[in-house]
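In what follows, a single structure is set out as structure tokens and then discussed.
Laboratory data are not the source of any read-out in this text; all were calculated from the coordinates shown. All values reported here derive from a predicted model rather than from experimental measurement. Please note: Cβ atoms are built from the backbone with ideal geometry, for glycine as well, and neighbour counts cover all protein chains shown.
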Amino acid sequence: MKIDLSNIAYIKLPQELNSNTIIGVIDELNNFLSQEVKTTAVLDFDSTKFAYPSGLTPLLVYLKDKVEHNEKYHIMLNSKNSTIDTYIRRMGFYKLLGLSDNFFMRKWSNIGRFQEPYFFSKDTDPNQLNEKSENIIATFIKDRTIQNYNEAIGWCISEIIDNTFSHSNSEMCVIMSQKYKHIGITEFCVADRGIGIRESMGIDNIKEALEKCVTRAKGVNSKGRGNGLFYTTELIKRDTSGKCLMTIWSEDYMLTLYSGMEEPQVKQVQSFWQGVNISISMYNGISTSITELMKNIDNQDYSFSYDEQPEYYENLFEN
């Protein structure tokens, strides 16, 4: 295929590609790819030292969405930095975008260490998605003897992934996780190009919808939708490490919650995201434990709410 190089966007990626810096990258891409001409986006990774799931995942799904749904968009990548180039090749970044990939190094097992970007849609086999979800959960487990914490974080992550699978109405969703032992965190990201928070929550105002999606234990119905975000929020609020972070980006607003914050911050950002982009970083040595996540977890009884069981919610977490 001959690529038209007459209209090129040269986008220099930041030293760290994460949940904060990806906003500017997507803004540049939005501005350039909105032009009604054939375009080629050249992404330069040469100065990038670190690419976290919270940066790489939305970039990947954004580019794949643009390329697959519009023939006038083309993507080229430039990277002379062997470290980051090896990493994104190992994660399948080139191959997932349909680009040439000559990665030949031996791929060691990823179990409990990371989960490469995995694309799914509402039509994906749930068993395949569950297998990927289980590996993501394994990257969060800090000590197999801490059963309460492991069960709790496992339920939160699987619930968040299931929410995307069941409610985003997106043909293009992607999940990724990475454990970073040298900085003591595990980061997870799930991004989609679906209906977004407002429509999913049934709330007209995007800021209000973001606030409600993490503050209502019952979610928007009696089937548990939103509970994973609520419990993750409660866990981060009670953490004292200063290393936990959750962001939720939908349209031109982002919710941010750090360790120990009493309430999340919801602010307008410079770029628009179609769908929902969620990233969660957890301290691997988290001091907070959860005594009980859900009373009837075995029979999947998600129909409770704070109003119905206030004592249960008040006693759910302990430091």
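Tabulated data
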quantity: For residue 21, net neighbour charge (Lys/Arg +1, Asp/Glu -1) across residues whose Cβ lies under 13 Å away; calculated: -1
quantity: Long-range HN-HN contacts of residue 78 with modeled amide H, under 5 Å; calculated: 43, 44, 45
quantity: Fewest-first sequence of 263, 28, 159 by Cβ atoms within 10 Å of each Cβ; calculated: 263, 28, 159
quantity: Percent of alpha-carbon pairs separated by more than 16 Å within the stretch 1-101; calculated: 54 percent
quantity: Neighbour net charge for residue 191 - beta-carbon separation under 14 angstrom, K R +1, D E -1; calculated: -2
quantity: Cross-link pairs 12/95; 66/237; 122/267; 179/207 - those with Cα-Cα distance over 28 Å; calculated: 66/237; 122/267; 179/207
quantity: Distance (nanometres) between label positions extended 7 Å along Cα→Cβ at residue 141 and residue 272; calculated: 4.4 nm
quantity: Stretch gain in nm, segment residue 265-residue 33, where the contour uses 0.36 nm per residue and the Cα spacing is subtracted; calculated: 80.5 nm
quantity: Phi to ³J(HN,Hα) by Karplus 6.51 cos²θ - 1.76 cosθ + 1.60 over the stretch 39-46, Hz, x for Gly, Pro; calculated: 10, 10, 9, 9, 9, 9, 8, 4
quantity: Footprinting exposure proxy for 59, 245, 99 (fewest neighbouring C-beta atoms within 10 Å first); calculated: 99, 59, 245
quantity: Cβ-based exposure ranking for 180, 62, in which fewest neighbours within 10 Å come first; calculated: 180, 62
